[in-house]
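Step one of this worksheet: look at the structure below.
The values are calculated or read from the model by the stated rules, or taken from the named source; none is laboratory data. Remember, it's a predicted structure, so these values are computed and weren't measured experimentally. Note that each Cβ is placed from the backbone with ideal geometry, even for glycine, and that neighbours are counted across all protein chains shown. Ligands, DNA and RNA are excluded from the accessible area calculation, which covers all protein heavy atoms including side chains. Shrake-Rupley method; radii C 1.70, N 1.55, O 1.52, S 1.80 Å.
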Amino acid sequence: MIATPIKSETVTLQLPGDLKLQVTPEQFAAIAAVNPELKLERTATGDLIVTPPTGGETGYRNIRIAYFLVKWIEEEGGNGIAFDSSTGFTLPNGANRSPDAAWVSIARWQALTSAQRKGFVPLSPDFVIELRSESDSFAKLQSKLQEYIDNGTQLGWLIEPQQKQVEIYRAGQGVEIVENPSQLSGEMVLPGFVLNWERVYSVKL
């Protein structure tokens, strides 16, 4: 008699809105290790966040942003390290976050040990970008950007492509809202980095 293998099926776990799953930093690391295909985050209070995959337009914009950031580093001397949305950072408040794009100065990167560079990077990036997709809560993204700033990030962009709007977060300053900008500047945090809005917003799929 030949045993027939049982086929496993992937199911989606739906949780009531008021129910949260809390995990320790060690549990989060273990969950992330066995689920590399998922974008997972953890709040400072231990709540586990699972972000669904983005749609085509958001994915296109994400990779365009990453391309221009790396291009600036490689071709114009941007003195730092760029990271994509799959990179995890452990902020000083204990949260585990993964911005859509991030940049860390070379001095801060070189100050990390080899082990720290291989795992969740134990710092809040100098610069972060969050690109809102249609499934994202805008209020939660605003809170996330402020969390980066509170934990040491110097400059952050919250890009809302549906409204053609960008919220600019700066350390020690209020939030600036820019409507349909022609370009975005890295200011003194990323000297010389300029992101052309149209080259990111316009999706030619």
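Numerical summary
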read-out	value
Within region 111-180: Cβ-based charge dipole about Cα centre, in debye rounded to nearest 20 (Lys, Arg +1; Asp, Glu -1)	320
Reach of Lys144 by Cα under 13 Å, taken over aspartates and glutamates that are not fewer than 8 positions away in the same chain	Glu41, Asp100, Glu130, Asp136, Glu167
Share antiparallel - DSSP beta bridges, the chain, percent rounded to 5	80
For a label point 7 Å along the Cα-to-beta-carbon line of Phe138, residues of region 165-191 with backbone N under 16 Å	165-169, 175-181
Cα gyration tensor category, rounded, prolate or oblate, for region 90-189 with a/c compared to 1.5	prolate
Inter-centroid distance (Cα atoms) of region 110-132 relative to region 147-174, Å	17
Mean separation of Cα contacts under 8 Å (6+ apart) over length of region 126-167, as relative contact order %	48
Largest-first ordering by accessible area, 1.4 Å probe, given options Thr113, Thr51, Thr58	Thr113, Thr51, Thr58
Among (i) 178; (ii) 113; (iii) 187, the entry derived from the coordinates for volume of the Cα convex hull per residue in Å³	(i)
Local net charge near Asp150, Cβ-Cβ under 13 Å (Lys/Arg +1, Asp/Glu -1)	+2
Gyration tensor verdict on region 156-205 (Cα atoms; rounded if a/c is under 1.5, prolate if a/b is larger than b/c, oblate otherwise)	oblate
Which of Lys164, Lys144 is most accessible, then next, and so on - probe 1.4 Å	Lys164, Lys144
Region 20-62: C-alpha gyration tensor shape, a/c 1.5 cut-off, then a/b vs b/c	prolate
Estimated 222 nm signal from helices in the chain, with DSSP H stretches of n ≥ 4 weighted -39500 (n - 2.57), rounded to 500	-8500 deg cm²/dmol
